[in-house]
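Written out below as structure tokens is the structure these notes cover.
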Amino acid sequence: MSLHELVGHREGRLAVARAFDAGRLPQALLLHGAPGVGKQRFGLWIAQLLLCGKPSAEGPCGQCQGCRLAMRIEHPDLHWYVPVKRPPSKGSPQRDDEALEEARQSRIQELRSRPLQPTHSSEPLGLHLGTIRNLRRRAANRPSMASRQVFLVANAEELVSQEASPEAANALLKLLEEPPESLTFILTSAEPGRLLPTIRSRTSSLYLPGLPEEAVSTFLQEMRGVEASKAEATARLASGSIGRALGYLPDEGEGDGPLEALRKESFRLLRDALSDDPAQRFSRALQYAPSGARGLRELLLGLEVWLRDLAAARTSPEALLNRDAGDWLVRTVEELGIDPAAVARSMEALHDARAQAAGNVNPQLLLSGLLIRLNRTLVPPRPTSLAGMEERLRESGAPRRSG
Ligand SMILES: [Zn+2]
């Protein structure tokens, strides 16, 4: 299977193609931008340009053997390093490195056969030290078909976080310092702030902005056969990111995509936060495992979108992202008397929860604390409770309180 056409990013393409044409393309690039915005696809496009037999100032020719192999991710001089789950140890560093290379190859094989995959992972993935050792070994070889080798390193920020030491990043750094002329490195990152400053300073960065909603919607219709109104609603949720949009679509026809499942899960959190039954909040929190808070990151991001929608429901319903829940949001905000200013204050509770998740606090404690705080911030105290009690007393025939 061949890669889909690169969508959007016209300015970035022209900048790269012209620099390459003029012999001024830096040997180490850093592509950054929001998750799923097309950084891998753009990096593969640059690789294709570099491996093309007849490139122009507009881009690769798209016809030659180099182009065709690059489009199928089969070019022997194109090396794509993607984060993988760490395989179980094989007992020696050398065999561990081999296992990491096997894991990478099987992931690339998966991407070849199914290039349209959502930008989302529920498992901890990393660019491990062994992976970078493998990369360095490969970089020491001569190119086998073209005049150069291209290394595309996805999610470069994972170089540090998974190792809890800058070792993997330093191993790559040595190559970036003085790359041989036949090597080009393309690093990508959605969180360039987490890269080592030394890595940032040795790469020329190119920012990839989000795509227009319409481009995402058209892509979903053409490439995934999504019906127009569904494609528009999905593009809206994905805020300019094809990779995220794919995560809201059904997973190979089986159930919800990973981001859609998280959207529904974060909605249940919001509903329980707003409920007048505290027991509901506790039982929700207890449904989570007592460890693994880092996995809550996407869920908390989903909750943030719901909170934004809660504020928008009162002030500008046309700006809602979760359009399918528009009626519920507008009604809930009215019934509970939720003030947009309170929603803004509630974001603080969410930010605290995110910091706790990064620090691996027990998820049950984290979520029950968060839901209680959200309830206190969002739902105004009800002066109606006394009136309600009086009403019930009246209905039961009890005498009314006088004065
Ligand atoms: Zn070509």
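Brief remarks on what is shown
- Looking only at residues in the range 40-57 that are of a type in the set (Gly, Ala, Ser) and more than 13 Å from the ligand (Cβ to nearest atom), the one that is modelled with the lowest pLDDT is ALA57.
- Of all residues making up the range 321-337, the number that are within 24 Å of PRO381 (Cα to Cα) and in a helix (DSSP H, G or I): 10
- Identity of the residue in the range 1-59, touching a Cys at 6+ places or on another chain (Cβ under 7 Å) and surrounded by 18 or more Cβ atoms within 10 Å (Cβ to Cβ), that ends up nearest to ALA235 (Cα to Cα): GLN48
- Of all residues in the range 326-346, those that are in the same structural domain as THR377 (by TED's automatic domain parsing) have Cβ atoms under 8 Å from Cβ atoms of residues that are buried (at least 17 other Cβ atoms within 10 Å of the Cβ) and among the acidic types (Asp, Glu), 6 or more apart or on another chain, in LEU329/ASP309.
- Residue satisfying condition, being over 22 Å from the mean Cα position of the chain (by Cα) and closer than 24 Å to ASN360 by Cα, within set ARG281, ARG297: ARG281
- Close pairs from the range 135-146: first over 17 Å from ALA103 (Cα atoms), partner acidic (Asp, Glu) and surrounded by 13 or more Cβ atoms within 10 Å (Cβ to Cβ), Cβ under 8 Å, at least 6 apart: PRO143/ASP77; SER144/ASP77; MET145/ASP77; ALA146/ASP77
- Evaluating TRP80 against the criteria (1) away from the ligand (no atom under 16 Å from the Cβ); (2) over 15 Å from ARG41 (Cα atoms) leaves one unmet condition, (2).
- Checked against the criterion of being more than 18 Å from SER205 (Cβ to Cβ) and in contact with a Phe, Trp or Tyr (Cβ under 6 Å, 6 or more places away or on another chain), the candidates LEU51, LEU6 yield just one match: LEU6.
- All of SER266, SER217 fail the test of being out of contact with any strand residue (DSSP E or B) (no Cβ under 6 Å at 6 or more places or on another chain), more than 30 Å from SER346 (Cα to Cα) and modelled with pLDDT of 95 or more, apart from SER217.
- Qualifying residue in the range 58-67 (condition: touching a residue at least 60 places away in the same chain (Cβ under 8 Å) and either outside the structural domain of GLY292 (by TED's automatic domain parsing) or within 16 Å of the ligand (Cβ to nearest atom) (or both)): yes
- Test for GLY91: is it of a type outside the set (A, V, I, L, M), touching a helix residue (DSSP H, G or I) at 6+ places or on another chain (Cβ under 9 Å), modelled with pLDDT under 95 and more than 12 Å from the ligand (Cβ to nearest atom): no
- Test: residue in the range 184-192 that is at pLDDT 95 or above and either farther than 30 Å from THR234 by Cβ or acidic (Asp, Glu) (or both): yes
The values are calculated or read from the model by the stated rules, or taken from the named source; none is laboratory data. All of these numbers come straight from a predicted model, not from anything done at the bench. All Cβ positions, glycine included, derive from the backbone under ideal geometry; neighbour counts span all protein chains shown.
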